[in-house]
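The values are calculated or read from the model by the stated rules, or taken from the named source; none is laboratory data. What you are looking at is a predicted structure, and each value in this text was computed from that prediction instead of being measured. Note that we place each Cβ from the backbone using ideal geometry, even for glycine, and neighbour counts take in every protein chain shown.
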Amino acid sequence: MATFKDAFIPDELVSAQEFLWLNPNLGPAEECLAKAELSVADVDDAEARLIRFAPLIAQLFPETAAAQGIIESPVTPLPVFAERALEGAGEAVALIDPANVLLKRDDSLPVSGSVKARGGIYEVLKHAEDLALEAGLLDSLEDDYTKLLSPEARELFSQHIIQVGSTGNLGLSIGIMGSALGFRAIIHMSADAWQWKKDLLRSRGAEVMEYEGDYGAAVAEGRALSDANPASYFVDDETSQALFLGYAVSARRLQRQLEDAGMPIGPDRPLFAYLPCGVGGAPGGIAFGLKQVFGDNVHCFFVEPVQAPCMTLGLASGLHSEICVQDIGLTGSTTADGLAVGRPSAFVGRTIEGLISGCFTVSDESIAALTHHLWDTEGIFIEPSAASSLVFAERVSEFAEYLAKVPNARNACHLAWATGGNMVPDAERASLLE
Ligand SMILES: *Cc1c(COP(=O)(O)O)cnc(C)c1O
């Protein structure tokens, strides 16, 4: 057992082995949610805001018109993938029905092709609404929000800057949405972030600033520059409640989707959700929303790379953002660029510490193999960060004991959350599938 400031740190984290950390602090959903800073009313508010903006989104992004401006993704079954992946699971395979293995297709979310289209776009819209109400461009929350596409609104937004530090996908969401409304968007990225993401952002009118250090350095620099300018708003991945709430809305929509698919979640059919985790906002917000909707009938697992298991480290040690993966000798770097974060959000860690069932850590080799297996079996390409969500299927034996204690486990839906993919250019896709 390693120690850091007298905290317990699992050996498997230090030695960068794949493992499953089961959360000893998992509690009853109702009790943990009651202690949280955010409530059902906060998620209601976020959901209502996205509905107010839907007519504007439908005009600005025609690909969302069929869904009336609601940015959402489908759920797809993965029968062939599941059958194959579960082959290696030994006796534990009896605990999962391959017909109940599903993929949440956030890789195909409109506008920006990743889970960040939930939180990132939501936060830009909220900021735009605040400014427009203050300036009198909107009379009330019942006003026609397509007014925000008028020359007057563009003129207002053009006087404001939105900045963010990003490994890539958050920058894409903020940059695309911010620029589309007329804001000046400045995205701070580490120099080793994918070139295509920087090129795409610049082509949409966003400014990209690059930093030699890691993602943490880009965030710190961006925050400092933004704080120094009163006309600038900083989207803070580590502390943002708006991002978190934007992600949380997904749970209500998922509930309706599973009902429509004839798979309503309840005591007879529990839900297992597998959520790729970087700084924690996306998986944390989604898990929070899922717990509000499904209570103890949902079991949430995070997935992190063996070299960047920041949330697992923060939760297992109880130190949250007071510890980073470099403190225990890990590099923080991984091909799953959306998950390449060394220090977790303390806000998210504290909010979800009693709600999460556990965390899987996964190697880059396994992530590459999963990306490939999904493509081979189902013809679906998702980015490596997203493919990590599928690892549970190959590692059922590690949580067989947990599964065996869940009533009606064999009926459970197992939902891997595919967090990104459809913006990846063909050439990058081909090399990732090699
Ligand atoms: C950002 C991201 C995640 C993780 O979200 P966090 O809020 O950083 O935890 C997972 N997958 C992809 C593809 C991402 O872009």
Legend entry - Residue match in segment 155-177 (condition: buried (at least 24 other Cβ atoms within 10 Å of the Cβ), assigned to a loop (DSSP other than H, G, I, E, B) and at positive phi): yes
Inset, instruction - Tell me which residues, restricted to segment 1-47, are more than 25 Å from residue 314 (Cα to Cα) and without any contact (Cβ under 8 Å) to a residue 12 or more places away in the chain. - result: 41, 44
Legend entry - Filtered residues of segment 308-333 (kept if surrounded by 21 or more Cβ atoms within 10 Å (Cβ to Cβ) and within 15 Å of the ligand (Cβ to nearest atom)): 308, 309, 310, 311, 312, 313, 314, 315, 320, 325
Inset, instruction - For segment 27-50, state whether one or more residues are assigned to a helix (DSSP H, G or I), of a type in the set (A, V, I, L, M), over 24 Å from residue 353 (Cβ atoms) and touching a helix residue (DSSP H, G or I) at 6+ places or on another chain (Cβ under 7 Å). - result: yes
Inset, instruction - For residues that are over 15 Å from residue 338 (Cβ atoms) and either touching a residue at least 60 places away in the same chain (Cβ under 8 Å) or crowded, with 24+ Cβ neighbours inside 10 Å (or both), tally how many sit in segment 392-434. - result: 24
Legend entry - Condition broken by residue 381, with the remaining ones in (1) hydrophobic (A, V, I, L, M, F, W, C); (2) within 15 Å of the ligand (Cβ to nearest atom); (3) surrounded by fewer than 24 Cβ atoms within 10 Å (Cβ to Cβ); (4) under 29 Å from residue 268 (Cβ atoms) satisfied: (4)
Inset, instruction - Return the residue satisfying two criteria in turn: it lies in segment 44-91 and is modelled with pLDDT of 95 or more and charged (D, E, K, R), and of such residues it is surrounded by the fewest Cβ atoms within 10 Å (Cβ to Cβ). - result: 63
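Would you be able to tell me the number of residues in segment 334-373 that are away from the ligand (no atom under 14 Å from the Cβ) and either touching a residue at least 12 places away in the same chain (Cβ under 8 Å) or buried (at least 24 other Cβ atoms within 10 Å of the Cβ) (or both)?
Final tally of qualifying residues: 13.
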Legend entry - Positions within segment 210-235 being without any contact (Cβ under 8 Å) to a residue 40 or more places away in the chain and either in contact with a helix residue (DSSP H, G or I) (Cβ under 7 Å, 6 or more places away or on another chain) or β-branched (Val, Ile, Thr) (or both), in sequence order: 211
Inset, instruction - Could you please find all residues in segment 123-137 being part of a loop (DSSP other than H, G, I, E, B) and either exposed (fewer than 12 other Cβ atoms within 10 Å of the Cβ) or in contact with a Phe, Trp or Tyr (Cβ under 7 Å, 6 or more places away or on another chain) (or both)? - result: 136
Legend entry - Cβ-Cβ under 9 Å pairs, at least 6 apart or on other chains, segment 90-115 side in a helix (DSSP H, G or I), far side more than 16 Å from the ligand (Cβ to nearest atom) and hydroxyl-bearing (Ser, Thr, Tyr): 90/397; 91/397; 92/397; 93/397
Inset, instruction - Pick out, from segment 186-304, the helices (runs of 4 or more DSSP H) lying fully within it that include 2 or more residues that are away from the ligand (no atom under 15 Å from the Cβ). - result: 195-203, 215-227, 250-260, 281-294
